[in-house]
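Below is one structure, written out as structure tokens; comments come after it.
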Amino acid sequence: MRLIGFPLPSLFTIVISVIGRTEPLRYYAEKIGLNIGVAIKETYITGNNQTHNNLVRTEFNTIVCENAMKAQNIAPAQNSYNFSAADQVVNFALQNQMKVRGHTLVWYNQNPSWLSGGSRQSLLSNMKYHIEKVMGHYKGKFYHWDVVNEAFADEGGGYRSCPWYTIIGEDYIDSAFVYARRADPGCKLFLNDYNNSYINDKSTAIYNKVKKMLENGIPVHGVGFQCHERTSKMTPELFGRIKENFDRFAALGLEIAITEIDIRTESGSNAKVQAEVYATFLRVGMSMPKFTTFMIWGVRDQDSWTGAEQNALIFDNSFRPKPAYDSLLAVLKYPTSLLPVDRRAHYLTQLGDLVFNPANNTVRVNDPLLNRPAVLEMFDLRGARMAKVTLRANYPLPLSSMKTAPGTAVIKAPGTTMRRISVVGR
Ligand code: XIL
């Protein structure tokens, strides 16, 4: 089974997507044990917002409150905590079998004045009180908490200047995690930040801090990568740049989560580039066993804190899925070649698929439905057909017969779904 006439390639990855009937993001995420989530305002699920409400619980299996759990809203005064908005979201999540990420306990922003003023001693005791109060209220219900948010300076690799840091010192972070551990021992505790997707001064400062915390026995379990990004970040190197950074955190034994992704489409850039950036972040995550969570910071473009004109999210203002949605769905749906071994095994037992074998660079049609000859067609990036071949189920197709340049192959099995494989050259 060879496609005659193509030079030997060196292929390092395959992205497989399906054209045909689709289930929501949540359906595929659950097959591979991934938490796919969204940040919501409580108004999305109350009142007459049925469209928002339906979309959120259909497409996602994880939720975070965009603002309702921030101290300013939940703790307007020390003796009057107001959990009502956040409780509505948590109840909605639990009713719909969704996980909850808590966001956030200790931050420089959106604080009531009582919480973040005073001496070192009073700041520490306010922090402890707040953590115990909020985590205690939700004890046992959340799987993650962002214990400390945005503690690092944008430039220079230091800490962000804020009352927690300037009055207490860098150990405010350690104290927060120790208090949090006691308040809900079953919850994974995260240090969350932005501009930390790649190796730079800021992500290195975060890396050094979590490494030191682990050495000192401070209970930190994961690092949150907010991933508020832009389409201009899309380059052929993007996957590798993210991965080399995420990998060093995973090597410390930490869980990796993309906690707040949105991709601004800068002037002139289009939805397709945005889709590639979203998919690239997800693909990196899916290639790592320590990756558990992919959360999008809002539902529709106009819901985004970045402003409607940025078109930063995966649904348009009429709740229609954008190309970014399709690209995420494709990665979730046919992730075989991208998954670490343990997830791949899980996935294959449930679906059956085209299986990429990196050892001998072949693709095998491993699908009970394809128990008859299938037609494989390859197209170049402009859509021109380069080859057509018939292959039998369970017969390994050597990728060495495909072109080195990126291209697309389509598998059509009569009477079954049509499958498209994008082949990315090295
Ligand atoms: C943003 C919300 O989306 C806005 O509605 C609010 O006005 C400000 O905060 N990093 C974070 C989030 O950790 O809490 C921020 O959310 C976005 C940046």
If unit charges are put on Cβ atoms (+1 for Lys and Arg, -1 for Asp and Glu) and the dipole of the stretch 18-333 is taken about its Cα centre, the option from Gly186, Leu254, Ala205 lying farthest towards the positive end turns out to be Gly186
Give Lys41/Lys188; Lys128/Lys243; Lys139/Lys211; Lys212/Lys322; Lys70/Lys272; Lys41/Lys272 a once-over and call out the pairs whose C-alpha atoms are over 31 Å from each other. Lys128/Lys243; Lys212/Lys322; Lys70/Lys272
Around Tyr159, which amide H atoms from residues at least 5 apart in sequence, or from another chain, sit under 5 Å from its own amide H, with H modelled in the peptide plane? Ala153
The stretch 54-138 - charge dipole about Cα centre, Lys and Arg +1 at Cβ, Asp and Glu -1, debye rounded to 20: 200
Per residue, in Å², the accessible surface of the stretch 185-286 once ligands and nucleic acids are set aside, probe 1.4 Å: 35
Express the carbon and sulfur contribution to the solvent-accessible surface of the stretch 18-333 as a percent, rounded to the nearest whole number, probe 1.4 angstrom. 47
Sort 298-307, 63-72 by the packing proxy (mean of other Cβ within 10 Å over each peptide's residues), most packed first. 63-72, 298-307
Only Lys, Arg, Asp and Glu count, each charged at its Cβ (+1, +1, -1, -1), so figure out the dipole size of the stretch 174-261 about its Cα centre, rounded to 20 debye. 80
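The values are calculated or read from the model by the stated rules, or taken from the named source; none is laboratory data. Note that the structure is predicted; figures quoted are calculated from it, not measured. In this analysis, Cβ positions are derived from the backbone assuming ideal geometry, glycine residues included, and neighbour counts consider all displayed protein chains. Heavy atoms of the whole protein, side chains included, go into the accessibility calculation; ligands, DNA and RNA do not. Shrake-Rupley method; radii C 1.70, N 1.55, O 1.52, S 1.80 Å.
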